[in-house]
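Report on one structure; see the data block that follows.
Here, each number is a calculation from the coordinates, and none is a lab measurement. Source: prediction; values computed, not measured. Here the Cβ positions follow ideal geometry from the backbone for every residue, glycine too, while neighbour counts run over all protein chains shown.
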Amino acid sequence: MFGTFISFMKRNLFFVLCLFYVSSAMGQADTSQQIIQGRVNSLEQQQKPYVILISADGFRYDYPEKHRAKNLLDRGSQGVRAEGMIPSYPSLTFPNHYTLVTGLYASHHGVVNNYFYDRKRNASYSMRDRKAILDGSWYGGTPLWVLAEQQHMLTASYYWVASEADIQKTLPTYYYAFNDSVPIDRRIRQVVRWLELPAQKRPHLITFYISNADHEGHNYGPDAPQTAAAVHFIDSSIQRLTSAVAKTGLPVNYIFVADHGMTSIDVDHPLKMPAFDTAKFVIPRGAELVQLYAKNKNDISDTYNKIKAQENGFKVYLKGELPDYLHYGERDDILNRLGDILLIPTWPLTFTWGSSNKPNPGAHGYDPYVVKDMHAVFIAWGPAFKTRVQIPPFENVHVFPIVAKILGLSYNEKIDGDSRVANQILK
């Protein structure tokens with residue numbers, strides 16, 4: 001019995017660590033709704049439609065077919081379905097969730113990785129650091145909820161990267177501290193309650209996040225039955241959400257996306273870090289992308305040459321050498337947050353740290369133009385969308401203009417997305 005328990009713990013180590021992180025980061029696991037008092041929708045905004053922007057973390061573009069997600073397949077065939085959605089590089093969770101709501105590439109909004117260093121601040125950002133996550137000064141661009149609130153349209157968030165941060169001193173009117181243990185039906189009930197509020201207090205933009213597919217994809221790989229079960233759970237959850245919301249009679253539009261896909265990796269041949277003087281660099285955590293920030297610029301050239309001589313299963317780049325199409329090189333690094341030297345493993349390999357570490361069978365973070373498994377899902381339906389429309393893959397920077405157009409939000413800030421996709425899929 002004890003041996004069986006130990007075996008289970010080993011197989012589920014990633015999930016256990018995630019739960020530990022969530023419980024630790026949340027302290028006493030705050031599950032209460034946060035409400036910014038004194039806000040109301042303007043009379044003009046009360047007449048606008050509604051958008052629920054749903055992210056299923058790690059939900060690959062082909063998961064509906066691969067794992068037979070009947071509800072999502074039906075929604076995709078009746079509404080709008082993209083062959084895939086191309087994440088911003090690197091195809092990681094925090095950069096791409098923030099790209100979806102700002103229309104900016106990661107290098108332009110500043111959340112360049114899940115873990116990164118800022119030279120000007122002499123400080124590091126980590127997806128595990130609550131203080132950094134809540135500090136709005138880390139985030140560039142204008143996320144959709146800030147844009148809407150600035151135009152007197154109320155918003156709500158049942159989780160989204162940066163939705164708890166005071167970006168431009170503005171938070172969603174209704175939001176929750178991230179706590180992945182909250183049951184999905186409780187989250188759905190809250191969405192319905194928001195939409196049942198009086199018109200003055202009712203949010204017109206709601207963000208909604210589900211993590212199951214990413215957890216199981218990492219733990220077992222994208223083809224595993226556990227990942228299929230997570231896809232089925234998400235599929236049924238979306239069905240319950242749409243059925244519950246339909247009872248309000250409101251003109252609600254749904255956009256179902258993911259931050260990135262998931263791929264199977266070579267777990268038997270993990271890459272070890274090349275030999276160099278690590279004391280000369282700040283090195284944030286990384287696996288599919290490792291960034292080296294030089295403490296002294298004079299150490300860059302020699303270290304680069306030393307690592308270059310050890311290239312085997314990975315490529316090493318100076319910041320100025322990355323391909324332009326990634327929008328992740330020196331020219332795009334407007335906040336100076338990219339490493340001086342970048343190590344990028346060749347798929348399906350990944351870096352591990354330590355002598356005995358073995359990677360999880362599923363991963364993401366790779367170049368989405370080289371590894372198609374990085375492509376995310378995009379399905380949309382509702383009164384604002386055309387019906388029975390299938391479109392080719394598009395970059396996720398174009399989601400921001402879609403939502404802004406549905407809600408009638410104006411923006412003058414330069415973004416990387418444009419209205420081409422919106423014009424294809426909206427009535």
(Q) Going 7 Å from the Cα of Lys169 along its beta-carbon direction, which residues of the range 125-151 have the amide nitrogen within less than 18 Å of the resulting point? (A) 135-143, 146-151
Q | Estimated FRET transfer efficiency when R0 is 56 angstrom, pair Gln150-Asp268 (beta carbons, to 0.05) | A | 0.60
Q: Just the number, please: percent antiparallel of the DSSP beta bridges in the chain, rounded to the nearest 5.
A: 55 percent
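Excluding Gly38 itself, calculate the net charge of residues whose Cβ lies under 15 Å from the Cβ of Gly38, where each Lys or Arg counts +1 and each Asp or Glu counts -1. Don't jump to the answer; show the numbers that get you there.
On the way: positive: Arg39, Lys169, Lys201; negative: Glu149.
Neighbourhood net charge equals +2.
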Q: Please list, or write none, the lysines whose alpha carbon is within less than 17 Å of the alpha carbon of Lys386, excluding same-chain residues fewer than 8 places away.
A: Lys405, Lys427
Q: Jot down the radius of gyration and Dmax of the chain, Cα atoms only, both in angstrom.
A: 21.3, 66
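Using DSSP H assignments, which helices in the chain have an axial alpha-carbon span of 15 Å or above and a mean Kyte-Doolittle hydropathy of 1.6 or higher? Each step should come with its number before you reach the end.
Values: long enough: 13-26 (20 Å, 2.25); 184-195 (17 Å, -0.39); 225-246 (31 Å, 0.43).
Membrane-span-like by this criterion, though nothing is claimed about a membrane: 13-26.
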**Q.** Net charge over other residues, Cβ less than 10 angstrom from the Cβ of His152 (K, R count +1; D, E count -1)
**A.** -1
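Hey, which of these cross-link pairs are over 23 Å Cα-Cα: Lys66/Lys358; Lys272/Lys306; Lys120/Lys319; Lys272/Lys372? Don't skip to the end; give the middle numbers.
On the way: Lys66/Lys358 27 Å; Lys272/Lys306 15 Å; Lys120/Lys319 17 Å; Lys272/Lys372 25 Å.
Over 23 Å apart, Cα to Cα: Lys66/Lys358; Lys272/Lys372.
With n ≥ 4 as the cut-off for DSSP H runs, can you work out [θ] at 222 nm for the chain, using -39500 (n - 2.57) per run divided by the number of residues, rounded to the nearest 500? Intermediate results must be reported in sequence, preceding the final value.
Numbers: 15 runs with 134 residues, N = 427.
My calculation for the chain gives -9000 deg cm²/dmol from helical runs alone.
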Q) Counting only the backbone N, which residues of the range 269-307 are under 20 Å from the spot 7 Å out from the Cα of Arg130 toward its beta-carbon? A) none
Q: First select every other residue whose beta carbon is under 13 angstrom from the beta carbon of Ala244; then total the charges, Lys and Arg +1, Asp and Glu -1.
A: +4
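I'd like to know how the range 279-354 sits against the 2.2 N^0.38 Å rule of thumb: what's its Cα Rg over that expected value?
Working: Rg = 12.1 Å, N = 76, 2.2 N^0.38 = 11.4 Å.
The value comes to 1.06.
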